[in-house]
Amino acid sequence: MRIEENIKLGFKDVLIKPKRSILKSRAEVELVRNFNFRYSRLSWSGIPIMASNMDTVGTFSTAIVLSKLRLLTAIHKYYSIQEWEKFISILSSDVLNYIIVTTGISDLDYFKLKKIFLLSPLLKYICIDVANGYSKNLIIFLKRIRDTFPDKIICAGNVVTGDMVEELMIAGADIVKVGIGPGSVCTTRIKTGVGYPQLSAIIECADVAHSLNGKIISDGGCINSGDIAKAFGAGADFVMLGGMLAGHNECEGTIIKEKNKKFVVFYGMSSKYAMDLHIGGLADYKSEEGKLVKLLLKGSVKNTILDILGGLRSACTYVGAKNIHQLTKNTTFIKVLEQENKIFNHIN
Ligand code: 5GP
């Protein structure tokens, strides 16, 4: 047994220190980034924020709205080939630039992924997603996917430490997805005692990834636009959002009507609810690591995104950053014991 003495930090433990700025307005901030990748010869430009591949967040409906705003959507892995076929046939090619195709690591997943990519040569991104990215099976599958799709942009995860970022990048990942346990409907830390505070995970993983010409996605734990600014400030190249984009018209979730109010269900992908829905229940040797919540329907996700982008632009102006890349360079975090003033939080 060993103890690492340095305290690791989450978003709630820091604030970004303001810096002198010559920007006159938030409108001068450019949130679009242009990326090249470690392996893929494809380039991509857009706002590096993405909807999570959860099945009531990363939907086709979300992708249509987010792509118009130049944001990515990681499509969940439960659409059938027929549904993909229909979706791709009605789309403008521009939407495909903002689509990430998620896959698990079984043989069935592999053959389905190949079929999806046969539907359009314009699809760029693959996300190989497993809850525990420390498994050898992920590395084996990642190598197989890199061999099959040498030109595509491949993300793999989730991990939280530099050693594993390096291993995934050497095995073929352009981007590593970072986050174990910070999610809004995740109970992994409670069920297993395993996890890593997200801000420290980003700082440590970004450092390794960038030294290898790779990139990272910060996945999970953002509860407001300030957290997204902190994730970029810490070095994330992309930020993935689940809970913040849940509960909207585009989520394709079950709507429940109660007392003239509409709610939509949102659940962790390792919750019993998700297991019952997708794999016919929870195996005896497993316990659920996610929860189910009921959210008040918030309307279109477009309004939430515009609010997030406004907050992010404002964060940039507070530190004199013209763009997200400069936000990382201009960020000094201060450790704090307080965040916002909560005096009126009980109202509304
Ligand atoms: P959020 O933005 O809601 O805080 O976090 C979203 C992320 O939580 C997802 O992208 C995914 O990585 C993670 N997640 C989703 N469902 C579950 C679950 O059931 N268990 C765990 N441990 N993580 C989950």
Given that compact globular proteins tend to follow 2.2 N^0.38 Å, what is the ratio of the alpha-carbon Rg of the range 1-54 to that value? 1.84
Please give the length that would be gained between N213 and E30 if that part of the chain were fully extended, namely 0.36 nm times their separation in residues minus their C-alpha to C-alpha distance (nm, one decimal). 63.6 nm
How many Å² of accessible area per residue for the chain, probe 1.4 Å? 50
Do the sum for the chain: with -39,500 (n - 2.57) for every DSSP H run of n ≥ 4, divided by all residues, what is the mean residue ellipticity at 222 nm, to the nearest 500 deg cm²/dmol? -10000 deg cm²/dmol
Bounding extents of the range 233-348 in its principal axis frame from Cα atoms, largest first in Å, are 51, 40, 29
Inter-label distance, nm, simple model (7 Å from Cα along the C-beta direction), S92/L119: 2.0
Relative contact order of the range 243-348: what whole-number percent is it, with Cα pairs under 8 angstrom and at least 6 residues apart? 22
If you stretched the chain out fully between S106 and K136, how much longer would it get, using 0.36 nm times the residue separation minus the C-alpha to C-alpha distance? 9.5 nm
Of K152/K191; K115/K291; K114/K191; K86/K298; K136/K215, which ones are farther than 30 Å apart at the Cα? K152/K191; K115/K291; K114/K191
State, as an integer percentage, the relative contact order of the chain based on alpha-carbon contacts under 8 Å between residues 6 or more apart. 22
Low-density loop cleavage sites - trypsin sites (Lys or Arg not before Pro) in the range 1-78, where at most 13 other Cβ are within 10 Å (DSSP): R2, K19, R20, K24, R41
What number, in nm² with one decimal, is the all-direction average of the projected area of the convex hull of the alpha-carbon atoms of the chain? 19.3
Taking R0 as 25 Å, what FRET efficiency do you get between N224 and L277 from their Cβ-Cβ distance, rounded to the nearest 0.05? 0.30
Given R₀ = 35 Å, FRET efficiency for D147-L292 by Cβ-Cβ distance, to 0.05? 0.35
Among bridges DSSP assigns within the chain, what percent are antiparallel (round to 5)? 35
Taking every DSSP beta bridge that has both residues in the range 181-303, what percent is antiparallel when rounded to the nearest 5? 75
Starting from the Cα-Cα distance between I255 and I81, subtract it from 0.36 nm times their residue separation and give me the gain in nm to one decimal. 60.1 nm
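The values are calculated or read from the model by the stated rules, or taken from the named source; none is laboratory data. For clarity, every value in this text was computed on a predicted model and none was experimentally measured. In this analysis, Cβ positions are derived from the backbone assuming ideal geometry, glycine residues included, and neighbour counts consider all displayed protein chains. Surface accessibility is based on the protein's heavy atoms, side chains included, excluding ligands, DNA and RNA. Shrake-Rupley method; radii C 1.70, N 1.55, O 1.52, S 1.80 Å.
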